[in-house]
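The values are calculated or read from the model by the stated rules, or taken from the named source; none is laboratory data. Only a predicted model underlies this, so the values are computations on that prediction, with no experimental measurement involved. Ideal geometry is used to build each Cβ from the backbone, glycine not excepted, and the neighbour counts take in all protein chains shown.
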């Protein structure tokens with residue numbers, strides 16, 4: 001796959017209008033869910049936590065499970081249909097609920113550790129690509 005592939009979408013996760021994490025959504029992982037997310041951008045919300053390894057925010061996106069997984073690596077991005085959550089993993093973890101893998105954070109993943117509950121998160125297209 002090349003950098004300009006139609007199956008990859010370049011996005012930005014902005015933390016509290018200060019920090020930027022470049023992300024990549026991958027349509028081949030979950031075409032329906034990624035399509036719904038892309039049509040809903042920009043999306044923003046307040047940060048919450050699932051355990052110590054997952055930062056998430058709520059959305060209004062209604063999508064079911066595609067190719068479900070329960071194990072994720074640092075930098076992965078997933079969608080949890082129950083609650084309509086976009087989840088960002090800042091360490092390797094096995095979760096109790098099935099989630100749809102939708103992509104990866106491609107830089108500055110450690111900036112997630114600065115997020116506190118209630119921090120404003122914004123997810124939008126990366127205009128620079």
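Candidates in the stretch 103-118 are the residues that are under 14 Å from residue 54 (Cβ atoms) and surrounded by 15 or more Cβ atoms within 10 Å (Cβ to Cβ); of these, the one that is farthest from the chain's Cα centre (by Cα) is 115.
Can residue 9 be described as crowded, with 20+ Cβ neighbours inside 10 Å, in contact with a helix residue (DSSP H, G or I) (Cβ under 9 Å, 6 or more places away or on another chain), at pLDDT below 95 and on the phi < 0 side of the Ramachandran plot?
Values: crowded, with 20+ Cβ neighbours inside 10 Å: yes; in contact with a helix residue (DSSP H, G or I) (Cβ under 9 Å, 6 or more places away or on another chain): yes; at pLDDT below 95: yes; on the phi < 0 side of the Ramachandran plot: yes.
Yes, satisfied.
Scoring residue 70 on the criteria (1) farther than 21 Å from residue 24 by Cβ; (2) touching a residue at least 60 places away in the same chain (Cβ under 8 Å); (3) in contact with a strand residue (DSSP E or B) (Cβ under 7 Å, 6 or more places away or on another chain) leaves a single failure, condition (2).
Residues of the stretch 74-95 that are surrounded by fewer than 18 Cβ atoms within 10 Å (Cβ to Cβ) and without any contact (Cβ under 8 Å) to a residue 24 or more places away in the chain: 82 alone.
Can you name the residue in the stretch 16-32 that is assigned to a loop (DSSP other than H, G, I, E, B) and more than 14 Å from the chain's Cα centre (by Cα) and, of all such residues, is nearest to residue 68 (Cα to Cα)? Explain how you work it out, then say what you get.
So the first thing to find is which residues in the stretch 16-32 are assigned to a loop (DSSP other than H, G, I, E, B), and the list is 16-18, 27-30.
Next, only the ones that are more than 14 Å from the chain's Cα centre (by Cα) stay: 16-18, 28.
Working: 16: 30, 17: 32, 18: 33, 28: 13 Å.
The selected residue is 28.
Within the stretch 48-73, the only residue that satisfies the criterion of being under 13 Å from the mean Cα position of the chain (by Cα), surrounded by fewer than 16 Cβ atoms within 10 Å (Cβ to Cβ) and not in a strand (DSSP E or B) is 73. Assess whether residue 77 counts as being within 15 Å of residue 33 (Cβ to Cβ) and touching a strand residue (DSSP E or B) at 6+ places or on another chain (Cβ under 8 Å). Yes, satisfied. Comparison of 45, 35 shows that the only residue that is surrounded by 12 or more Cβ atoms within 10 Å (Cβ to Cβ), closer than 20 Å to residue 124 by Cβ, without any contact (Cβ under 8 Å) to a residue 12 or more places away in the chain and over 10 Å from the mean Cα position of the chain (by Cα) is 35.
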